[in-house]
Amino acid sequence: MKHRFRLAAAVLTALLFLTLTGCGSGSNSFTWFVDTIPANLDPQVASAASDVIACENLYSGLVRKNPDGQLEPALCERWEVSADRKTYTFYLKDGLTYTAAKGTAADCAITAEDFVFAFRRMFRAATNLPLRRGVLCLENSAAVLAGQKPASALGVTAAEPLKLVFRLSSPDETFLSKLTLPGAMPCDEEFFNSTRGTYGLTAKTTLSSGPFYLYNWRPAACSCGGSFRHPHRQPAPGPEHQQRRPVGH
């Protein structure tokens, strides 16, 4: 049985079956028919195909791939790589915040600490995330995963509120690409703890950092709405940016 998964955004892949409805100037609503409603929107845990697809749209990370498959900044302004290819330093955009269900602005700024917490979660023994096998190149990752060292020893630190540093034990030419995967998305520790074990399992306990926000989520249907946004100015509508508009259905 097909279910509806509604999205409002500027970008949609050709694989989606969609229904277009107006939701204000520059904003559209699309209906996506899926076989399985996403069950878990926690990016550090999601592994089922439907969950991962939803997370890829609800969350943005440090970098993303453009239509040509090239890496470009997403939540960061820029990044630097050391000469030995073992230290990656990211400078986050200022003023970024999460978005709660139905497009409500959340009182949570996106900072370097959110990425640190996300990666530490990834290496908890109870978090069985396939991605962490791909980032075992992080300094002390194997020892942290085995419980031989504390999470604070993992090779990811917040040097400043908007400055994030990754330290690798050995060079990995695919490291930047791995940062586009859901497990590498930011997670606000205070909000996570406030959900008491239900993070990403309900609309109220999910915060978006990406191009879509969660509009509604219930057993029979899951609908999302949203748009790309800039904290300081209204972006011009286009293939990657559009003005945020309220979505009401």
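Inspect all residues belonging to the stretch 82-99 and state whether any of them is assigned to a loop (DSSP other than H, G, I, E, B), hydroxyl-bearing (Ser, Thr, Tyr) and either within 16 Å of the chain's Cα centre (by Cα) or surrounded by fewer than 18 Cβ atoms within 10 Å (Cβ to Cβ) (or both).
Yes, because at least one residue in the stretch 82-99 is assigned to a loop (DSSP other than H, G, I, E, B), hydroxyl-bearing (Ser, Thr, Tyr) and either within 16 Å of the chain's Cα centre (by Cα) or surrounded by fewer than 18 Cβ atoms within 10 Å (Cβ to Cβ) (or both).
Looking at ALA106, ALA9, ALA14, which is the one that is farther than 30 Å from GLU139 by Cβ and either at pLDDT 95 or above or surrounded by 19 or more Cβ atoms within 10 Å (Cβ to Cβ) (or both)?
It is ALA9.
Looking at LEU96, is it more than 25 Å from ASN40 (Cα to Cα), among the aliphatic types (A, V, I, L, M) and at pLDDT 95 or above?
Taking the combined requirement at face value, the residue does not satisfy it.
Where the second residue is among the aromatic types (Phe, Trp, Tyr) and not in a helix (DSSP H, G or I) and the first is closer than 15 Å to ALA109 by Cβ and lies in the stretch 176-198, which pairs have Cβ atoms under 9 Å and are six or more apart or on separate chains?
PRO186/TYR59; PRO186/TYR98; CYS187/TYR199; ASP188/TYR98; PHE191/TYR98; PHE191/TYR199; PHE192/TYR199
Among the residues of the stretch 110-138 satisfying the criterion of being among the basic types (Lys, Arg) and within 14 Å of LEU168 (Cα to Cα), which is modelled with the highest pLDDT?
Looking at residues that are among the basic types (Lys, Arg) and within 14 Å of LEU168 (Cα to Cα), I get ARG133.
Considering only the stretch 163-192, state which residues are farther than 11 Å from PHE115 by Cβ and either assigned to a loop (DSSP other than H, G, I, E, B) or among the hydroxyl-bearing types (Ser, Thr, Tyr) (or both).
Those that are farther than 11 Å from PHE115 by Cβ and either assigned to a loop (DSSP other than H, G, I, E, B) or among the hydroxyl-bearing types (Ser, Thr, Tyr) (or both): SER169, SER170, PRO171, ASP172, GLU173, THR174, SER177, THR180, LEU181.
What number goes with the only condition from (1) touching a helix residue (DSSP H, G or I) at 6+ places or on another chain (Cβ under 9 Å); (2) in contact (Cβ under 8 Å) with a residue 24 or more places away in the chain that VAL81 does not pass?
Every listed condition holds for VAL81 apart from (2).
Looking only at the stretch 142-159, decide whether some residue is surrounded by 18 or more Cβ atoms within 10 Å (Cβ to Cβ) and under 16 Å from the mean Cα position of the chain (by Cα).
Among the residues of the stretch 142-159, not one is surrounded by 18 or more Cβ atoms within 10 Å (Cβ to Cβ) and under 16 Å from the mean Cα position of the chain (by Cα), which makes the answer no.
Check GLU113 against each of (1) farther than 22 Å from PHE212 by Cα; (2) out of contact with any Ser or Thr (no Cβ under 9 Å at 6 or more places or on another chain); (3) assigned to a strand (DSSP E or B) and name the one condition it does not meet.
Checking GLU113 against (1) farther than 22 Å from PHE212 by Cα; (2) out of contact with any Ser or Thr (no Cβ under 9 Å at 6 or more places or on another chain); (3) assigned to a strand (DSSP E or B), the one that fails is (3).
The values are calculated or read from the model by the stated rules, or taken from the named source; none is laboratory data. Since this is a predicted model, take the numbers as computed values, not measurements. Glycine gets a Cβ as well: all are built from the backbone with ideal geometry, and neighbour counts include every protein chain shown.
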